[in-house]
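Everything on this sheet refers to the single structure shown next.
The values are calculated or read from the model by the stated rules, or taken from the named source; none is laboratory data. These numbers come from a predicted model, not from an experiment. Cβ sites come from the backbone with ideal geometry, for glycine too, and all protein chains shown count toward neighbours. Quick note on the areas: whole protein, heavy atoms, side chains included, nothing else; ligands and nucleic acids left out. Shrake-Rupley method; radii C 1.70, N 1.55, O 1.52, S 1.80 Å.
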Amino acid sequence: MTALAGVGVIVASGPLWPFEEADLADNAAMVARFDDTTMWWAFATQVAFTLAAFGSVLFGAGLKRRLERQCPAGSLVPMTAFLGMLLTGALSLAGCGMGTEAFHQIRNRAASDPDTVMSSVGQLGTYGWLWSGLLLTAGALAVAAFRQGAVARWIGVVSVAFGLLLAVTQLTPFQYLALMVGVPYLLVLGAAFALGRRAPA
């Protein structure tokens with residue numbers, strides 16, 4: 001559910017940027033491109049962020065329980081994997097709030113300062129960085145795969161690959177791209193744990 005909600009964020013945020021190159025220097029021109037459907041796309045991002053927030057925590061709790069059954073006693077891996085998902089979920093609630101702010105700014109755009117409207121919309125567009133918490137989950141699953149044998153090695157390989165991509169987003173001024181990396185990573189993890197062999201009780 002979390003990954004699908006992330007897809008929802010990506011899809012819903014697209015219509016929030018209907019601009020041409022010439023508009024970028026003029027906030028009033030940018031706001032003029034909004035229509036009465038745009039505010040509902042902002043609302044859709046709020047809903048998607050909400051689903052991502054709670055879905056992340058639930059997925060993380062299930063992942064923690066699974067890893068506790070398969071990792072050595074006392075391992076920090078299960079809790080670290082959970083904390084990565086918890087960070088992603090908790091911070092996604094901030095995205096919910098910005099969705100609400102953008103909704104009302106766009107709805108009242110005729111009576112609002114264009115600079116204020118575009119500040120809200122622009123900030124909402126950067127909230128993909130909230131998914132950088134998945135770095136902890138990816139690192140924990142890599143350790144679980146290569147050092148503890150608690151998950152399949154291919155999951156470790158995938159976690160290293162996506163973890164490196166997430167690290168790149170955080171070490172460059174493109175942090176919002178963490179969402180683009182996190183969505184396919186969680187799709188892979190979700191499919192792996194849903195279709196893979198059930199963890200022993």
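What FRET efficiency comes out for Met79 versus Phe146 if R0 is 22 angstrom and r is the Cβ-Cβ distance? Round to the nearest 0.05. For Met79 and Phe146, the calculated efficiency is 0.75. Considering only Pro184, Leu166, Asn108, the residue lying farthest towards the positive end of the dipole of region 66-201 is Pro184, judged by Cα position with unit charges set on Cβ.
When only C-alpha pairs under 8 Å and at least 6 residues apart count, what is the relative contact order of region 97-183, in percent?
30
Relative contact order, whole percent, for the chain stands at 23, derived from Cα pairs under 8 Å and 6 or more residues apart. With the highest mean first, a sort of the peptides 21-29, 77-85, 115-123 on other beta-carbon atoms found within 10 angstrom per residue produces 77-85, 115-123, 21-29. Spin-label model, Glu21 to Ala61: label points 7 Å out along the Cα-to-beta-carbon direction sit 5.0 nm apart. Taking the longest Cα principal axis of the chain as reference, the axis of helix 153-171 is set at about 40 degrees. For region 72-190, the square roots of the Cα gyration tensor eigenvalues, ordered a ≥ b ≥ c, give a/c of at least 1.5 with a/b greater than b/c, which places it in the prolate category. Counting charges near Cys71 (Lys, Arg +1; Asp, Glu -1) among other residues having Cβ under 13 Å from its Cβ returns a value of +4. Basic side chains Lys and Arg get +1 at the Cβ, acidic Asp and Glu get -1 at the Cβ, and with that the dipole of region 64-185 about its Cα centre reaches some 600 debye.
Between Thr37 and Thr126, full extension at 0.36 nm per residue minus the direct alpha carbon distance yields a gain of 29.9 nm. Note that the chain shows a convex hull volume over its alpha carbon atoms of 107 Å³ per residue.
Take the chain with all the other protein chains still there, run a 1.4 Å probe, and you get 50 Å² of accessible area per residue.
Modelled label positions at Ala192 and Ser112, each set 7 Å beyond Cα in the direction of Cβ, lie 4.1 nm from each other. Taken about its Cα centre, region 1-124 carries a charge dipole of about 960 debye when Lys and Arg each add +1 at the Cβ and Asp and Glu each add -1 at the Cβ.
Size check on region 3-103: the Cα extents along the three principal axes, sorted descending, read 60, 23, 19 Å. The C-alpha atoms of the chain define a longest principal axis, and helix 134-146 lies at about 20 degrees to it.
Axis angle, to the nearest 10 degrees, between helix 38-70 and the longest C-alpha principal axis of the chain: 10 degrees.
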